[in-house]
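Data first, discussion second: the structure below is written as structure tokens.
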Amino acid sequence: FLLSLFLVRVIFQATQNKRWAQISLVAVCILIAFLGNCLSLRPRTISNVALGIIFYGAGVLLRDIQYSKWVGRASVCIWIVSYIFMSLFGWHLVDFSFNTTVIGNHIVWLVNCVFACVAVNFIFWKIPPISRILSWLGGNSMTFLCVHALIYESLYTYCFSHLELSAYLQLGIYWGSIIVICTAMTFVFKNKYLSWMIGEKKHANSYYLYI
């Protein structure tokens, strides 16, 4: 994950904050991610980095306009329509790490994810308790991104594969473990001697994005 994130940041920085270059880069990466999904391109890092640039680029490009009424409302409407559509005709899920389609359609999943992120931000940014939680999650996202896969793999290897548990119970255990363990690890990685493990460098107040 850290290698992919490093490559995402390095490649995106090459655009030198030029909007046309950023848009072009994201467009090219959408094509790479789609072809990688269809053709199972190797190494998988290529498709993984392409996906990372798409979401990273979308965040940069939409950062200043996602809270405007027309963008926010349009995203909410598209998200709701896509949610209803998927509820009726089937869900879309892609394994981000390997850029492989689990169920559904790759492009529909990608579009829905981007609009869902904007819609959630637009809906909750004016609700202080929730916006503070989202800001805290954003400020500590590196911990969650680096640790969650280890939690899942450990649970699957030592628990789920040996016990006959319902899918809902497995999901509850997984999310409960994520919340408890990752929250605890955010305090561990605040230590200046350990922050390098998640690709961070200790700076005062650098772990939080306050609203």
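The values are calculated or read from the model by the stated rules, or taken from the named source; none is laboratory data. Bear in mind the structure is a predicted one, so any value in this text is a computation, not a measurement. Positions of Cβ are generated from backbone atoms using ideal geometry, with glycine treated the same way; all protein chains shown enter the neighbour counts. Remember, those area values only see protein heavy atoms, side chains included, never the ligands or the DNA or RNA. Shrake-Rupley method; radii C 1.70, N 1.55, O 1.52, S 1.80 Å.
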Send over a whole-number figure in Å² for the accessible area per residue of the chain, probe 1.4 Å. 64
Roughly how many Å is it from the Cα centre of the range 82-130 to that of the range 138-156, as a whole number? 19
Tell me the accessible surface of residue 180 in square angstrom (1.4 angstrom probe, heavy atoms of protein chains only), to the nearest ten. 100
Per-residue accessible area for residue 162 at 1.4 Å probe radius, Å² rounded to 10? 130
Compute a Gaussian network model of the chain, connecting alpha carbons closer than 10 Å, and tell me which residue from 49, 81, 114 fluctuates the most. 81
Computed [θ] at 222 nm, deg cm²/dmol, the chain (DSSP H ≥ 4; -39,500 (n - 2.57); rounded to nearest 500): -21000 deg cm²/dmol
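Run the dipole for the chain about the Cα centre, Lys and Arg Cβ at +1, Asp and Glu Cβ at -1, nothing else charged, and hand back the magnitude in debye, nearest 20.
Values: 14 positive and 5 negative charges, 162 e Å.
Charge dipole, the chain, about its Cα centre: 780 debye, nearest 20.
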Over the Cα atoms of the range 76-129 the radius of gyration and the largest Cα-Cα distance (Dmax), both in Å, equal 12.7, 37
Whole-number percent relative contact order across the chain, with pairs defined as alpha carbons under 8 Å at least 6 apart: 18
The number of Lys pairs in the chain whose alpha carbons lie under 12 Å apart, excluding pairs fewer than 8 residues apart on one chain, is 4
Reduced Cα scattering model of the range 1-90, Debye log10 I(q)/I(0), q = 0.11, 0.12, 0.18, 0.19 Å⁻¹: -0.41, -0.48, -0.93, -0.98
